[in-house]
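In what follows, a single structure is set out as structure tokens and then discussed.
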Amino acid sequence: MAARGYGRARRWSVVVALVAVLASLPALVGALPADDADVGAADLRAAVLASGGLGFSGYAVSAGGLALPVGDQLPVVADLLSDRTALRVWWRGPDEHRVDVVSAAGETGVHVDAGGTWTWEYESATATRTSPAALTLPAPPDLVPASLGRRLLSEAADDELSRIGARRVAGRDALGLRLVPAAPAASVARVDVWADAATGLPLAVEVVAEDASLPALDTRFLDLDLTVPPAGVVAFTPPADARVRTEEDPAGLLREAADRELSPVRLPVELAGLGRRDVAGAPAAVGLYGSGVTLLAVAPVPGRLAAGLRSTLTAAPDAVTDELGTRVAAGPLGLMLVEPPRSGAYVLTGTVTLDALADAAAALPGMTS
């Protein structure tokens, strides 16, 4: 057992050291001249979206600046979006990939297959199986530049896009594409995606909030191999001595809670100038609004949960509390609790401004006579 523990510690400490060395390279590599190409913004976006079937492997690093006021309730999500995260990636496709998160505290592997996700915590020898869900919390694969860049550009309109030159990323020429959301409610000032000139694969993504000088989220490859990794590297089977757990579908739990504790609520077809959209598999009690990088979610919450959320939000140093409720911003992400006098409470969250949250809150059932 001691030998096996030493082997684990040696394995991830070597990887941490390697990532530390790679992390020192971007400034040097980025200083090298990059060859731009005569590619229009719409054509570059099309190349990015067409890169979804490519396989690759490499190292990436993500730096988040979102100080979410939910650390005690969702510590993993808070850490993922507020800290520097080192990622080792093996990607065979959207439904077959592996992303290892490496830190000084240990290593966690996320293995995705067609049937769901295995999360393997090396130090505790714990394997957790999660089924696919329509609504999920952010996870390490969501920070991989290739998948994040495609998702953020997937609903962009042509008039929201422009070219921004070229740079070197992971030793490759990367063409810049800027997305500036057109929606007045948007809290994201711009999204910059740097795509591989040869394949369209996003190599780096920066998300910048309104009135901010530094990105709220900056994720990029440090090293990249554009060959399909072996299936055996991505696949996962729990070791015989592992502790195996099954995690419930969070969307299913939310739907069950809504059905059990909440009366049906007819949400408006539009909030803060954003139209309501349908998402297959999402709980009926949740309203989803907007498109592209400007999104708003609204959900009724039971009183016992509202009390805890109210305490958390009001403790935030920049919280705004008025007759509409309590709202806070973490970079481009807004969060608000609304407690109408004539109905149950709501929670609103999304990449919209605090003013947009207030406008949406004023239009909810129970807030108007």
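The numbered conditions (1) at pLDDT below 95; (2) within 26 Å of Ala46 (Cα to Cα) are all true for Arg163 except (1).
Could you identify the single residue in Ala280, Ala258, Ala284, Ala306 that is open to solvent by less than 70 Å² (accessible area, probe 1.4 Å), within 22 Å of Pro132 (Cα to Cα) and modelled with pLDDT under 80? Write out each step before concluding.
Details: Ala280 fails: open to solvent by less than 70 Å² (accessible area, probe 1.4 Å); Ala284 fails: open to solvent by less than 70 Å² (accessible area, probe 1.4 Å); Ala306 fails: within 22 Å of Pro132 (Cα to Cα).
Result of the check over Ala280, Ala258, Ala284, Ala306: Ala258.
Within the stretch 45-62, restricting attention to residues that are of a type in the set (A, V, I, L, M, F, W, C) and in a strand (DSSP E or B), the residue that is nearest to Leu226 (Cα to Cα) is Phe56.
Residues considered: Ala198, Ala183. Of these, the only one that is in a loop (DSSP other than H, G, I, E, B), touching a strand residue (DSSP E or B) at 6+ places or on another chain (Cβ under 9 Å) and surrounded by 20 or more Cβ atoms within 10 Å (Cβ to Cβ) is Ala183.
Of all positions in the stretch 285-305, none carries a residue that is touching an Asp or Glu at 6+ places or on another chain (Cβ under 6 Å) and hydrophobic (A, V, I, L, M, F, W, C). Cβ-Cβ contacts under 6 Å between residues 6 or more apart (or on different chains), taken from a first residue in the stretch 143-169 that is at positive phi and open to solvent by less than 60 Å² (accessible area, probe 1.4 Å) to a second residue that is modelled with pLDDT of 95 or more and not in a loop (DSSP other than H, G, I, E, B), are listed as Gly165/Gly176.
Out of the residues in the stretch 261-273 that are open to solvent by 100 Å² or more (accessible area, probe 1.4 Å) and among the charged types (D, E, K, R), which is modelled with the highest pLDDT? Working first, answer last.
Step one: of the stretch 261-273, the residues open to solvent by 100 Å² or more (accessible area, probe 1.4 Å) are 264, 266, 269-270.
If we keep only those that are among the charged types (D, E, K, R) as well, we get 266, 270.
Working: Arg266: 83, Glu270: 95.
The residue in question is Glu270.
Among the candidates Asp218, Asp223, Asp211, Asp241, the residue that is closer than 14 Å to Trp91 by Cα and either in contact with a His (Cβ under 7 Å, 6 or more places away or on another chain) or open to solvent by 30 Å² or more (accessible area, probe 1.4 Å) (or both) is uniquely Asp223.
Annotation note: of Ser124, Ser131, the sole residue that is at pLDDT 90 or above, open to solvent by 50 Å² or more (accessible area, probe 1.4 Å) and of a type in the set (Ser, Thr, Tyr) is Ser124.
Under the condition of being modelled with pLDDT under 90, among the small types (Gly, Ala, Ser) and within 13 Å of Ala299 (Cβ to Cβ), which residue from the stretch 342-369 is farthest from the chain's Cα centre (by Cα)? Filtering first and then ranking leaves Gly344. Identify, please: which residue in the stretch 325-345 is more than 30 Å from Pro215 (Cβ to Cβ) and in contact (Cβ under 8 Å) with a residue 40 or more places away in the chain and is, among those, least open to solvent (accessible area, probe 1.4 Å)? Among those residues, the one meeting the criterion is Ala345.
The values are calculated or read from the model by the stated rules, or taken from the named source; none is laboratory data. Computed from a predicted structure; not experimentally measured. We place every Cβ from the backbone using ideal geometry, glycine too, and count neighbours over all the protein chains shown. Ligands, DNA and RNA are stripped out before the accessible areas are found, and what is left, the full protein with its side chains, is counted by its heavy atoms. Shrake-Rupley method; radii C 1.70, N 1.55, O 1.52, S 1.80 Å.
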